[in-house]
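Below is one structure, written out as structure tokens, with a few remarks after it.
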Amino acid sequence: MATTVTAAYHSIWRHLYDSMHAAQKPKSKLKFVTLDKESNMSTLWRREEFLRICSKEDLAEKAQDIEMTILVKKIQEARYNLNPESFFVNRFWGGRPDGVAINESLHIGYILEFKRSADRYEGFLEVKEAEANEQHESIIGALKAAASEWEFEQINFVVGNHGSVVESDFYTKLKKLDVQAGKKDKLFADHVTQVCEVHNRVIVSFLQQVQGGTRPTVEGSRENIGHNVHV
């Protein structure tokens, strides 16, 4: 079931990522890099456009310093004990953002992350934003240290497990990614519908597994429930 849920929500992100790219302003110099599939930092830094930002050696040096300040999680202890000297830089190179966009003309880089969250309580967006930022803090920190003439920022897209999307937050991030103003409303509507439909599929899959059948479902829809949160 966990694999089914992960794959279902991953499809939301790939659809949104492709849609934002397709809806960019015609003259935008912001390039969505990982359109075909996600890439880890090591793979990205084999590409010419990233090597023009900074060398792999400079980035590794800055990353090592930052990574050493970050706790080794219990699940990572075996790898750390196997080779403590290389663990931290290897952990950095294994980091895998959900998306990356760069503007070489303006020296701006965005690390993109997609998260789903429990959404029954107020403030779920801020909590998940903080979690996502912590996940890639070494990537943002190392990039800023190794390429000081560039600006780097992490942009997170958060959806609730029950289909919530915060409208104002979503539109702010579309603007940063050079999405055409005239296409934002449709992109938002499509995204909310996609979130609801995926949530519906997950529920149906759960019912099929635990009860051997399905229950009546509601087709994907969007409703403003207040505070610019849509479900």
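The values are calculated or read from the model by the stated rules, or taken from the named source; none is laboratory data. Quick caveat, the model's predicted, so the values are computed rather than measured. Here the Cβ is made from the backbone with ideal geometry for all residues, glycine too, and neighbour counts use every protein chain on show.
Data table
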read-out: Qualifying residue in segment 40-48 (condition: closer than 30 Å to VAL202 by Cβ and in contact (Cβ under 8 Å) with a residue 24 or more places away in the chain); value: yes
read-out: Qualifying positions in segment 1-29 - over 17 Å from the mean Cα position of the chain (by Cα) and either under 26 Å from LYS184 (Cβ atoms) or among the basic types (Lys, Arg) (or both); value: ALA22, ALA23, GLN24, LYS25, PRO26, LYS27, SER28, LYS29
read-out: Failed condition for LYS37, given (1) at pLDDT below 95; (2) touching a Cys at 6+ places or on another chain (Cβ under 9 Å); value: (2)
read-out: Looking only at segment 134-163, and only at residues there that are within 19 Å of ILE70 (Cβ to Cβ), touching a helix residue (DSSP H, G or I) at 6+ places or on another chain (Cβ under 8 Å) and among the polar types (S, T, N, Q), the one that is surrounded by the most Cβ atoms within 10 Å (Cβ to Cβ); value: SER138
read-out: Number of positions in segment 100-131 that are small (Gly, Ala, Ser), buried (at least 18 other Cβ atoms within 10 Å of the Cβ) and assigned to a helix (DSSP H, G or I); value: 0
read-out: Residue check, TYR17 crowded, with 16+ Cβ neighbours inside 10 Å and either at pLDDT below 95 or of a type in the set (Lys, Arg) (or both); value: no
read-out: Evaluation of SER117 against (1) closer than 22 Å to HIS15 by Cα; (2) touching a residue at least 60 places away in the same chain (Cβ under 8 Å); (3) of a type in the set (Ser, Thr, Tyr) (one fails), failing number; value: (2)
read-out: Unique match (being more than 18 Å from LEU177 (Cβ to Cβ) and touching a residue at least 12 places away in the same chain (Cβ under 8 Å)) among ALA132, ALA142; value: ALA142
read-out: Selection status of ARG52, under 17 Å from ALA147 (Cα atoms) and either surrounded by 12 or more Cβ atoms within 10 Å (Cβ to Cβ) or in contact (Cβ under 8 Å) with a residue 40 or more places away in the chain (or both); value: yes
read-out: Some residue of segment 92-99 being assigned to a strand (DSSP E or B) and closer than 25 Å to LYS128 by Cα; value: yes
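For (1) within 28 Å of ARG14 (Cβ to Cβ); (2) surrounded by fewer than 18 Cβ atoms within 10 Å (Cβ to Cβ), each residue gets a yes or a no:
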position: LYS62; (1), (2): no, no
position: ASP65; (1), (2): no, yes
position: LEU71; (1), (2): no, yes
position: LYS74; (1), (2): no, yes
position: ASN83; (1), (2): no, yes
position: ASN90; (1), (2): yes, yes
position: ARG96; (1), (2): yes, yes
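Residue-by-condition table, conditions (1) in contact with a His (Cβ under 8 Å, 6 or more places away or on another chain); (2) at pLDDT 95 or above; (3) in a loop (DSSP other than H, G, I, E, B):
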residue	(1), (2), (3)
GLN154	yes, yes, no
LYS183	no, yes, no
LEU207	no, no, no
THR214	no, no, yes
